[in-house]
Each structure stands twice: as structure tokens, then as C-alpha cells.
Amino acid sequence: MARSKSIPVEALALPVLDGVMLTADQNAMAALHASHSEECDTVNQLLGQAQMAGVFEAFSRTVRTSKLAFVKEKKLYRGLAGRKSPHGAQVLSGTWEEFCGLLGRSVDQVDRDIANLRAFGEEALDSMSRMGIGYRELRQYRRLPQDQQAALIEVAKAGDKEAFVDLAEEMIAKHTQEKDLLGRRLDEMKADYTAQSEVMAKKTGELDKARRELEVSRKRIQAMPADEVAKALRGEVAAIAYEAEASVLGPLREGFAKLEALAVGGEDHRVFKAGLIRQLEITLGSVRSEFNLPDQADGVAWMTPAEA
């Protein structure tokens, strides 16, 4: 039996490996692994130190807090991710809450310690701790203005508890008074604003009402004959003139009489009163001139019998 002819197989061309690139990738992976391992080692070390410092709470609060602040700032607590919780089978996800929980403390407590450390510094905070200054007082001190905080820090560094407490009480009392004063001013401003808002609302309502009445009057006047419109306007103008006359003969005359009574044996108010009368005369004269009115209305029927 004749043998079949063999088919030649073409050689597969493989890409040339880039040795430099391969080496770089390997180095990068190794560095990443080393960085992760270093971060885990660091957070484990700091966790142990913080736990140990917790045993000596009265002596090393600032030391422990400074380490906790470093962990939070650098986010080293993320290195706990993947570790098994010592309190059960739960696997840690690497959060700040978990890190604080491993120390047996709440996030609020640790954040409060860090806030005190950042506000007063290690030296002053350590000195205040030895003086027995508690969280309540430290919270009050943090609310003080920056210049007063700086003064407290300097006294705290000196270690004189009596001088520190006296200065702190004085500053807190002053700050409380200033705060109360600002509070009262704010209340007064709010009251003024409320009153002004009410006045503006009232004026706006009155203005809207006047506009509506004016629009009604305008439409009514447009529908009236000319003689009736003139009659209505004369009545309105006469009422205004009567009101002005009543003001002169009423309140103005009464005020003049009171000044006259005070002038007995004292200052003469006649020049002042004459000035007011003169101003009224000038005003009336200006109106008379504007409309070219006669000086006298004698013999002229300026009011109809119905208007009179």
C-alpha cells in the first residue's frame, strides 16, 4: 500500500519577549506587595503601641493620641482589611470605626482626643492631663477664641494649676458674657426684622387696597358724565382742604397755645411760630400761582349750593 504524502507544518512565530518590560512589571508587583506588607506591619505595630499606652492611661494619653492621629491622617487603619476580628469570626474591612473598636473605644472618644491634641498641642495637653483637666473643661477651652486659647496653652505649659484655672475661669466668664451679648443683639435684630416685615406687609396690603380702589374709581369715573366727574372731584378736593384747615385750627393751634404758655417769663417762641405760618403761606401761594388762581373769591360762587 502506498504511503500518503505528508503535509509540512509551518512553524508558529512566537513574539519576542521584552525582558526589560517584564523585569519592570515584576519589580512593580514586588514593590506593591512590599508596600502593602509594610502598611499592615505599621498599623499592627501602632495598634499594639496604642493598646499598650491604654494601660497607662493617666501617664500617656497624649502619646497614644498622637499615634492615633497619625493612623487616622495616613489612613493606615485600612491595613486591617482581611484580618480576622479578635472578637469573633468576622473579617475586618479596614475602617476607622473598626480600628477604634479594637482599642475598646468609640470613634467619638478618639476623635475628641485628637481634636484636643490638635487644639492645644502635646506639651500643653499633657500638662493639663496631669492637672486633672477633664473632657468637659477641654471642650469649653476649644470654644474660646484663638488668642485666648494661645494664652491658656502658655500657662498650661508652665504647669501652674492655680494660675491656669484662674485664667481659664476668667476667659470662660468673659466669653460667656460676650456670647450672651451677641445673643441678645441677635434677638433684637430678629425682633426688628420681624417688626419691619409686619410693617412692610401691612403697607403692601394697604397699597394693594389703594390700587384696587383707585382702579375701581377710575373705571367709575370713566363711565360718568363730565359734569358728574367734576362734581365728585370738587367734593374730594374740598374734603382735603377742610382736613388741612382742621389741622391748622386744631393740632397746630393747640401747639402754639402750649408754646405760648411756656413763654411766660422764658423764651419767646413767636419767631418760631411765625416761621411756620410763613411756610404755610408760601406753600399755599405756590399752589395759587401754579393754577393761576385769583387772590380773592369774593363775589364768585366757588361752591354750588349742593356742595355747600
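The values are calculated or read from the model by the stated rules, or taken from the named source; none is laboratory data. What you see is a predicted model, and the numbers here were worked out from it, not measured in a lab. FYI the Cβ positions are ideal-geometry reconstructions off the backbone, even for glycines, and counts take in every protein chain you see.
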Review point. Of the residues that make up region 96-114, is at least one closer than 14 Å to T62 by Cα and of a type in the set (A, V, I, L, M)?
Key: yes
Exercise for review: Report, by residue number, each residue of region 122-137 that is over 20 Å from K67 (Cα atoms) and surrounded by 13 or more Cβ atoms within 10 Å (Cβ to Cβ).
Suggested key: M131, I133, E137
Practice item. Please give the number of the condition Q177 fails out of (1) polar (S, T, N, Q); (2) within 30 Å of R118 (Cβ to Cβ); (3) at pLDDT below 80; (4) not assigned by TED's automatic domain parsing to the domain that holds D126. Key: (3)
Check your understanding: Are any of the residues in region 216-233 hydrophobic (A, V, I, L, M, F, W, C), surrounded by 10 or more Cβ atoms within 10 Å (Cβ to Cβ) and touching a Leu at 6+ places or on another chain (Cβ under 9 Å)?
Key -> yes
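Does R278 satisfy the condition of being modelled with pLDDT of 90 or more and among the charged types (D, E, K, R)?
For R278, the condition - modelled with pLDDT of 90 or more and among the charged types (D, E, K, R) - is met.
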Practice item. Please find, among E122, E98, the residue that is assigned to a helix (DSSP H, G or I), among the charged types (D, E, K, R) and closer than 24 Å to A163 by Cα. Key: E122
